[in-house]
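Below is one structure; the comments refer to it alone.
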Amino acid sequence: MRTTELMQRVKARRAIAEGRHDEAAAAAEKAVQLAAAVGGRETRQRTNFYPTPPELAAELAAELKARVRMDGPLLLLEPSAGNGNLVRALHEAFLPREYFLTAIEPEHGLAEHIGKHYRHEVRTITFEEYGPDVYDPAPEDAELKFDGILMNPPFSVPGNRTIWIDHVRKAWDMLAYRGTLMAIVPKGYTYREDRKHREIRALIEEHGDHYELPADAFATSGTATSTVVIWATKP
């Protein structure tokens with residue numbers, strides 16, 4: 001059987017769990033090379049990219065760490081990684097825990113800022129495209145389930161003014177049992193009354209909660225958009 005990217009990822013995760021970090025680094029690097037050979041697609045240009053400020057990213061990563069289960073190796077996901085601020089914050093928060101992180105960023109120019117790390121992979125595709133079929137071979141159970149997901153999704157794109165809801169919904173579906181999702185979303189989450197907003201509020205209120213961020217939370221990123229943090233844990 002030929003060596004595949006997924007096999008190298010599995011090898012890296014096992015090596016991390018067993019404390020063989022040199023082997024983990026080598027396997028992760030091989031996986032990066034295999035992924036680069038396949039390449040990615042830039043199917044959507046992000047027109048409203050506002051990175052999570054590093055201080056806020058650190059606070060949210062620490063909060064996610066406090067909410068996720070504490071037993072066994074963890075699989076983490078950042079499905080709209082941008083320039084990598086949340087990715088770096090997750091590494092800072094979770095080391096030296098046993099974990100592996102998948103970061104998704106469709107724009108190569110932004111993905112390059114994330115850098116390489118033996119505990120993460122970077123997929124240059126959209127979150128909409130991400131699923132078991134991006135791996136060769138696909139996982140045996142044809143599922144990707146994560147213990148922790150931290151995200152600052154795009155709030156809107158041309159043709160979809162509530163794409164953030166679609167991203168949160170998909171992220172929820174990708175949570176493992178007892179997995180926790182945290183996301184930065186528009187303040188409209190708290191009061192808009194269309195069906196999509198009512199349904200996402202009902203989901204979060206049943207399994208978690210929300211809190212408002214300060215009005216200037218994203219001032220250093222060039223926007224005064226009002227935002228809230230939502231979180232929920234999969235039963």
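The values are calculated or read from the model by the stated rules, or taken from the named source; none is laboratory data. Here the structure is a predicted model, which means the values were calculated and not measured. Note that we place each Cβ from the backbone using ideal geometry, even for glycine, and neighbour counts take in every protein chain shown.
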Please state which one of E193, E205 is without any contact (Cβ under 8 Å) to a residue 12 or more places away in the chain and either surrounded by 12 or more Cβ atoms within 10 Å (Cβ to Cβ) or in a helix (DSSP H, G or I) (or both). E205
In the list R169, R178, which residue meets the criterion of being basic (K, R) and either closer than 20 Å to E105 by Cα or assigned to a helix (DSSP H, G or I) (or both)? R169
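Within the stretch 55-64, can one find any residue that is modelled with pLDDT under 95 and crowded, with 18+ Cβ neighbours inside 10 Å? Explain how you work it out, then say what you get.
First pass over the stretch 55-64, keeping only residues modelled with pLDDT under 95: none.
Within the stretch 55-64, not a single residue is modelled with pLDDT under 95 and crowded, with 18+ Cβ neighbours inside 10 Å.
Please work out if P153 is free of Cβ contacts under 8 Å to residues at least 60 places away in the same chain and not in a strand (DSSP E or B). If you could, list the steps in order and put the result at the bottom.
Numbers: free of Cβ contacts under 8 Å to residues at least 60 places away in the same chain: no; not in a strand (DSSP E or B): yes.
Considered against the rule, which asks whether it is free of Cβ contacts under 8 Å to residues at least 60 places away in the same chain and not in a strand (DSSP E or B), P153 comes out as no.
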Residue pairs meeting the criteria (Cβ under 7 Å; at least 6 apart or on separate chains; first in contact (Cβ under 8 Å) with a residue 40 or more places away in the chain, in the stretch 55-77; second surrounded by fewer than 18 Cβ atoms within 10 Å (Cβ to Cβ)): A61/E92; R67/T233; R69/R178; P73/A17; P73/E98; L74/R97; L74/E98
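Where residues in the stretch 209-235 are assigned to a loop (DSSP other than H, G, I, E, B) and more than 21 Å from the chain's Cα centre (by Cα), which of them is surrounded by the most Cβ atoms within 10 Å (Cβ to Cβ)?
T225
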Being in contact (Cβ under 8 Å) with a residue 40 or more places away in the chain, among the aromatic types (F, W, Y) and in contact with a strand residue (DSSP E or B) (Cβ under 7 Å, 6 or more places away or on another chain) is the filter; apply it to the stretch 156-190 and report the residue that is farthest from S226 (Cα to Cα). W172
Among the residues of the stretch 92-119 satisfying the criterion of being part of a loop (DSSP other than H, G, I, E, B) and of a type in the set (D, E, K, R), which is modelled with the highest pLDDT? E105
Could you check the stretch 64-88 and list, in sequence order, the residues that are out of contact with any strand residue (DSSP E or B) (no Cβ under 7 Å at 6 or more places or on another chain) and in a helix (DSSP H, G or I)? K65, A66, N85, R88
